[in-house]
1. Using only the alpha carbons, work out the radius of gyration and Dmax of segment 1-149 in angstrom.
2. Given a 1.4 Å probe and the protein chains all in place, what does the accessible area of His86 round to, in Å² to the nearest 10?
3. Send over the Kirkwood Rh of segment 187-253, from the inverse of the averaged 1/r over different Cα pairs, rounded to one decimal Å.
4. Excluding ligands and nucleic acids, what accessible area in Å² is computed for Asp241 using a 1.4 Å probe, to the nearest 10?
5. Using a simple spin-label model with points 7 Å from Cα along the Cα→Cβ vector, what separation in nm is obtained for Lys395 and Ala250?
6. Report, to the nearest 10°, how far helix 270-282 tilts away from the longest principal axis of the Cα atoms in the chain, using its own Cα long axis and a range of 0 to 90°.
7. Helix-only estimate, please: 222 nm mean residue ellipticity of the chain, summing -39500 (n - 2.57) across DSSP H runs of length 4 or more and dividing by its residues, to the nearest 500.
8. Using a 1.4 angstrom probe on the protein heavy atoms only, line up Ser274, Ser134 by accessible area, largest first.
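The values are calculated or read from the model by the stated rules, or taken from the named source; none is laboratory data. Quick caveat, the model's predicted, so the values are computed rather than measured. Don't worry about glycine lacking a Cβ; one is built from the backbone with ideal geometry, like all the others, and counts go over all protein chains shown. Protein only, heavy atoms only, side chains kept; ligands, DNA and RNA dropped before computing areas. Shrake-Rupley method; radii C 1.70, N 1.55, O 1.52, S 1.80 Å.
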Amino acid sequence: MESYDTDALILLRGVLQDEAVASFVRALQNDDIAAYARAEELLLAEDMQNSFAAYLTHKILCDDNLFARRAFAGTLNNDICQAYSHDLAILQDIAKKADNPSGKVALAADSGFPSVRYGKDDDVFGKNWGDGESLQKLVNFYRHNGYGIYIGHKAFTFENKTLKPVRNTSDITLSDLKDYEAEKKAIEDNTINFISGLPYSNMLLYGDKGTGKSSTIHAILNKYAEKGLRAVEIPKDQIKDINAVKEVLAGLPFKFFIFIDDLSLEEHDEKVTSLKASLEGSLTEKGANVMIVATSNRRHILKENFSDRENSVHARDTMEEQLSLSDRFGLTVFFSSTGKSEYLSIIRQLAADCKLKTPQDDLFALAERWALLKGGRSPRRARQFIDFAFACEAKNQPIEF
């Protein structure tokens with residue numbers, strides 16, 4: 001029976017929580033063929049039965065531990081590096097036994113039992129996990145990608161007081177969003193201030209539906225994720241939890257958008273007070289890692305009632321109250337609706353990106369008819385039309401609708 005002192009792991013104990021890794025370790029430690037079979041089953045499901053080293057190094061890369069956090073923040077020291085290197089050596093020894101098991105596991109393999117194989121070494125970890133070169137590669141990896149659940153995930157929701165990754169996010173870029181250059185520049189400049197530790201403002205993007213407000217935020221997030229920007233989207237009914245979200249985010253070395261899409265509230269809604277307090281506080285907190293970003297179809301986030309209009313004595317006070325919430329954002333960006341020339345400009349640029357072959361005059365005529373049938377011109381309508389036209393051309397069919 002082999003002896004593997006996994007109890008001696010200092011920083012990478014979390015890796016053993018993975019069932020495939022735990023089963024493989026248990027098979028080695030206890031000469032347990034059932035545990036080995038379970039490890040084989042789990043690795044087969046991931047197509048990693050012949051690449052256990054790659055599977056294990058992936059789990060190590062995604063583990064949330066002190067080395068990864070400090071590497072991202074740029075605050076590593078020699079003691080942490082030594083502890084991490086020590087753990088990597090233990091885990092590599094375990095991985096190497098895939099090609100050289102003993103006891104019942106070895107006998108089963110010799111009898112034709114499907115075997116777990118070590119496979120090839122990862123480019124980051126190299127042949128000797130934890131040596132100076134591989135540690136530097138790991139430091140660079142974490143600085144570039146974040147750590148733990150933040151590796152490969154830019155957007156999150158807030159559920160049961162914890163962050164949950166959004167698995168499928170838009171890959172849209174700023175260059176995909178045509179025109180609105182001044183609006184995009186104002187938002188991007190403010191975001192650069194935010195991630196650079198300079199004074200910044202919370203943002204309200206308002207305007208007609210389909211003008212690209214939410215898409216612009218997604219594109220900004222995609223562009224600056226490598227700089228440590230992340231986003232937590234909360235629905236309107238969760239606004240009262242903003243302070244709880246901030247508490248969770250406060251200890252993290254990332255910059256976060258708290259994103260509220262399609263925001264509108266009733267005047268006497270208790271969420272108004274929560275949002276006002278959050279906006280007022282974060283505007284002046286130097287070095288804060290949270291920016292509140294909202295989109296709305298109107299600047300007056302608080303809905304106006306007919307009684308507000310009819311009571312002329314209090315009309316001015318009501319209007320000021322309705323604007324006071326919007327004014328707390330610091331930066332408000334208006335996305336105007338598109339006229340014919342703006343709409344066709346977007347059509348022309350999107351068609352060029354897709355390399356459509358339809359003559360421009362014909363395409364413009366079709367795009368105008370599309371807008372008429374779909375209820376108006378907007379960047380969203382333009383994108384929908386171009387996607388439809390592209391699909392028609394790809395199938396060698398006329399653009400008919």
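1. 15.5, 51
2. 80
3. Taking every pair of different Cα atoms in segment 187-253, averaging 1/r and inverting gives 13.6 Å.
4. Counting only protein heavy atoms, the figure is 50 Å².
5. In this crude label model, Lys395 to Ala250 measures out at 5.6 nm.
6. 70
7. Details: 16 runs with 198 residues, N = 401.
Computed ellipticity for the chain at 222 nm equals -15500 deg cm²/dmol.
8. Numbers: Ser274 35, Ser134 5 Å².
Putting Ser274, Ser134 in descending order of accessible area: Ser274, Ser134.
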